[in-house]
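The values are calculated or read from the model by the stated rules, or taken from the named source; none is laboratory data. Keep in mind that what you see is a predicted model, and the values were worked out from it rather than measured. Ideal geometry is used to build each Cβ from the backbone, glycine not excepted, and the neighbour counts take in all protein chains shown. Only protein heavy atoms, including side chains, enter the accessible area calculation; ligands, DNA and RNA are left aside. Shrake-Rupley method; radii C 1.70, N 1.55, O 1.52, S 1.80 Å.
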Amino acid sequence: QVQLVESGGGLVQPGGSLRLSCAASGSMPGIYTMGWYRQAPGNQRELVAVDTSAGSIGYADSVKGRFTIFRDKAKNTMYLQMNRLKPADTAVYYCNLVQGPLIYWGQGTQVTVSS
């Protein structure tokens, strides 16, 4: 079993920045993909950024150039640096870990972008 705990969410003004963290613990697999998703009220959960087991990184078009996903593998922690935030970025942000058929989710952290 793998446990994921997100942190770093909060209220920020448009144009501001936040850094989300996702700490992984438990029986960590050797190779895995991690990603950030978000879900706004009334919307489906959508992929924001992914760091694959093959070393590829991808972003949703809506966040390209503003968000950066990166990992500290020594700490089993993944981050999402979010810059130039917009009200449309308001959502609950979730991290996930995929290893073969196994998918783990964190509990989510709220990000609210508002003046």
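Scan segment 29-45 residue by residue and report those that are under 23 Å from D72 (Cβ atoms) and either assigned to a strand (DSSP E or B) or open to solvent by less than 50 Å² (accessible area, probe 1.4 Å) (or both). Reasoning before the result, please.
Quick first cut of segment 29-45, residues under 23 Å from D72 (Cβ atoms) only: 29-38.
Answer for segment 29-45, where residues must be under 23 Å from D72 (Cβ atoms) and either assigned to a strand (DSSP E or B) or open to solvent by less than 50 Å² (accessible area, probe 1.4 Å) (or both): P29, Y32, T33, M34, G35, W36, Y37, R38.
Within segment 65-99, the residues that satisfy the criterion of being in a loop (DSSP other than H, G, I, E, B), open to solvent by 40 Å² or more (accessible area, probe 1.4 Å) and touching a residue at least 60 places away in the same chain (Cβ under 8 Å) are N83, R84, K86. Taking segment 52-64 as the range and being in contact with a Gly (Cβ under 9 Å, 6 or more places away or on another chain) and either β-branched (V, I, T) or open to solvent by less than 20 Å² (accessible area, probe 1.4 Å) (or both) as the test, only T52 passes. Taken as a whole, the structure leaves Q110 outside the set of residues that are touching a residue at least 60 places away in the same chain (Cβ under 8 Å), in a strand (DSSP E or B), open to solvent by less than 40 Å² (accessible area, probe 1.4 Å) and out of contact with any helix residue (DSSP H, G or I) (no Cβ under 8 Å at 6 or more places or on another chain).
Criterion first (in contact with a strand residue (DSSP E or B) (Cβ under 7 Å, 6 or more places away or on another chain) and over 13 Å from M78 (Cα atoms)) does L11 satisfy it? Yes: the conditions hold for L11.
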